[in-house]
Amino acid sequence: MLARAHTFTIEELQTRHVTVEVDIRPGLPGFTIVGLADAAVREARERVKAAIINSGYQFPAHRITANLAPGDVPKIGPGLDLALACALLAASRQLPAEPLQSHALFGELALDGGVRACQQGTLAVAQATLEADLRTLVLAPERAREALLLDGLEVAGVESLSSAVRVLSGGPPDALPEPARDSGNVQGPAEPDLSDVRGQHHAVKSLIVAAAGAHNSLLTGPPGTGKTMLAQRLPSILPPLSRAEAIEVTRIHSIAGGLDSELVSRSGRPTTRSRRPG
């Protein structure tokens, strides 16, 4: 029997939609993954097998072929584990196949069947899920609040493979962890402000013109002349990020692994990059 599931892989700053196709046929037992998979994805065979058995399901003693389509896109990282396992369970008739067509699955599997969070790219995957017209994103609860930054997407947190099966069968997701509470009135360090600059009149004027007209800027000069200092203070004269801009900037932070489940504020706006001459 053939079953399909949906997931995503991160390629630099791009999020690629991956369709996981699992086919089970009579023959000598074997588990083959094709579709330009890297080492982490190929090793998913052992993680998926152990997770299925330790979760109380049957691992088919047949010839299993998993195709990651499209075949010309590199598949990177362990985030495809959950989709592979659920497609295999659907192909072996241990899970309804229909819900897999409206759900995206993203997460690494532990050998005991637990779902581990992928620390990079969750917001990018959530955005790609919406663009692919998929209704729900199923992932580890630790990263669910990051995906919830997007409007219009249903997010289901699952702590284990059995929880994912329950969600795909129409059951409730696992509870999400409580968000980090504000630490009171403790003030963080003040953001760098352009009013702190003394001198550098021509450079300050050029930054003001660039900010007003949304132009690019290039600061050159020997070390110690203030290029980085000026670039760090450019956001202080830029307008606040719109929600669309905040989502885009936060998406880049998510792929880089530097996000803490909150939209990036004005301080996270990309600024001028300076370089030394020559």
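The values are calculated or read from the model by the stated rules, or taken from the named source; none is laboratory data. Only a predicted model underlies this, so the values are computations on that prediction, with no experimental measurement involved. FYI the Cβ positions are ideal-geometry reconstructions off the backbone, even for glycines, and counts take in every protein chain you see. Heads up: the accessible areas ignore ligands, DNA and RNA and are worked out on the full protein's heavy atoms, side chains in. Shrake-Rupley method; radii C 1.70, N 1.55, O 1.52, S 1.80 Å.
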Would you pull out the residues with amide H under 5 Å of Leu149's amide H, same chain only if 5 or more places away, H placed 1.01 Å from N? none
For the range 103-118, Karplus couplings with θ = phi - 60° (6.51, -1.76, 1.60), whole Hz, Gly/Pro x: 10, 10, 10, 8, x, 8, 9, 7, 5, 8, x, x, 9, 9, 6, 8
Any lysines with Cα under 17 Å of the Lys205 Cα? List them, leaving off those in the same chain fewer than 8 positions away. Lys227
Give me a comma-separated list of calculated 3J(HN,Hα) values for the range 205-212, in order, Karplus coefficients 6.51, -1.76, 1.60 applied at θ = phi - 60°, integers in Hz, x for any Gly or Pro. 4, 5, 5, 5, 5, 5, 5, 5
Environment charge of Arg63, counting only residues whose C-beta is closer than 15 Å and scoring Lys/Arg +1, Asp/Glu -1: +1
Of the convex hull enclosing the alpha-carbon atoms of the range 6-160, the direction-averaged projected area in nm² is 8.3
Would you kindly derive the ³J(HN,Hα) couplings of the range 11-16 from the backbone phi angles with the Karplus curve 6.51 cos²θ - 1.76 cosθ + 1.60 (θ = phi - 60°), listing them in order in whole Hz, with x for Gly and Pro? 10, 6, 9, 9, 10, 9
Which of the three applies to the chain, rounded, prolate or oblate, going by the alpha-carbon gyration tensor with a ≥ b ≥ c and a/c under 1.5 meaning rounded? prolate
Would you pull out the residues with amide H under 5 Å of Val138's amide H, same chain only if 5 or more places away, H placed 1.01 Å from N? Ala104, Leu105, Phe106, Ala156
Can you list residues whose amide H is under 5 Å from Ser55's amide H, if they're 5+ apart or on another chain and H is modeled 1.01 Å from N? none
May I ask you to give the solvent-accessible area per residue for the chain, in square angstrom, as obtained with a 1.4 angstrom probe? 53
A 1.4 Å probe over the protein heavy atoms gives the chain a carbon and sulfur accessible-area percentage of 51
Under 12 Å, Cβ to Cβ, from Lys49 - net charge with Lys/Arg +1 and Asp/Glu -1: -1
What is the diffusion coefficient of the range 91-173 in µm²/s, taking the Kirkwood radius over Cα pairs and the Stokes-Einstein relation at 25 °C with a viscosity of 0.890 mPa s? 192
